[in-house]
1. Being crowded, with 21+ Cβ neighbours inside 10 Å, under 15 Å from Lys32 (Cα atoms) and within 14 Å of the chain's Cα centre (by Cα) narrows it down to one residue among Ala123, Ala109; which is it?
2. Being more than 23 Å from Val92 (Cβ to Cβ), in contact (Cβ under 8 Å) with a residue 40 or more places away in the chain and surrounded by fewer than 21 Cβ atoms within 10 Å (Cβ to Cβ) is the filter here; which residues of the stretch 130-161 pass it?
3. Is it fair to say Leu101 is assigned to a helix (DSSP H, G or I), closer than 22 Å to Asn157 by Cβ, touching a helix residue (DSSP H, G or I) at 6+ places or on another chain (Cβ under 9 Å) and open to solvent by 40 Å² or more (accessible area, probe 1.4 Å)?
4. Keeping to the stretch 104-124, report how many residues are hydrophobic (A, V, I, L, M, F, W, C) and not in a helix (DSSP H, G or I).
Amino acid sequence: MENIFKIIERRSSTRNFKSDMVDGEDIEKIVKAGTYAASGMGKQSPIILVIKDKNLRDKFSEENRKIGNYQKGFDPFYNAPIILVVLADKSVFTYLYDGTLVLGNMMLAAEALGLGNIWIHRAKEEFETDFGKKILDKLGIIGNYEGIGHLAIGYKNDEAKKTKKIKENYVYYL
């Protein structure tokens, strides 16, 4: 197994995906990593939606595009074939942090598997619309859930590695 510190240092957002479907086992590993994220008081407030169906994925993309006020034809998921949506139960005080940790774990797992990934916002707004509410209804999900974020995953179309430049004065020791 590769050193976790190397994975953390290497991970960066992918904005150019191949349309090839991701292996099902890899999807399961990424989702499992999300379920092992720390959560406040162990309450596990988040849930994960795995969007594999291209038609539904495209509907999510269009909703996200409209919310973001992007030009028609723009895909905010950058052609990634898999979208993982994290929502969390707002009745749990730490819901926002819990959902964020789930996304972080899944991002690192995707990188460890050699998959591109990017966190896309506007899940909160998506699940405040009829579109999002109907999705939860259809799945029988009841509760006060708020969209935390999307994780778009897939094979990288551009393997160019960028070196991250860490800002000065990021860390202060006391």
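The values are calculated or read from the model by the stated rules, or taken from the named source; none is laboratory data. Because the structure is predicted, anything quoted here is derived from the model rather than measured. In this analysis, Cβ positions are derived from the backbone assuming ideal geometry, glycine residues included, and neighbour counts consider all displayed protein chains. We work out accessible area using only protein heavy atoms, side chains counted, and drop any ligands, DNA or RNA first. Shrake-Rupley method; radii C 1.70, N 1.55, O 1.52, S 1.80 Å.
1. Working: Ala123 fails: under 15 Å from Lys32 (Cα atoms).
The conditions single out Ala109.
2. Start the filter on the stretch 130-161 by keeping residues that are more than 23 Å from Val92 (Cβ to Cβ), which leaves 130-131, 134, 138, 152-161.
From what is left, the residues that are in contact (Cβ under 8 Å) with a residue 40 or more places away in the chain are 131, 152-158, 161.
If the condition is that a residue be more than 23 Å from Val92 (Cβ to Cβ), in contact (Cβ under 8 Å) with a residue 40 or more places away in the chain and surrounded by fewer than 21 Cβ atoms within 10 Å (Cβ to Cβ), then Phe131, Tyr155, Lys156, Asn157, Asp158, Lys161 are the ones that fit.
3. Details: assigned to a helix (DSSP H, G or I): yes; closer than 22 Å to Asn157 by Cβ: no; touching a helix residue (DSSP H, G or I) at 6+ places or on another chain (Cβ under 9 Å): yes; open to solvent by 40 Å² or more (accessible area, probe 1.4 Å): yes.
So Leu101 does not fit the description; no.
4. Within the stretch 104-124, the first condition is being hydrophobic (A, V, I, L, M, F, W, C), and the residues that meet it are 106-110, 112-113, 115, 118-120, 123.
This time we only want the ones that are not in a helix (DSSP H, G or I), so: 113, 115, 118-120.
The number of residues fulfilling the criteria is 5.
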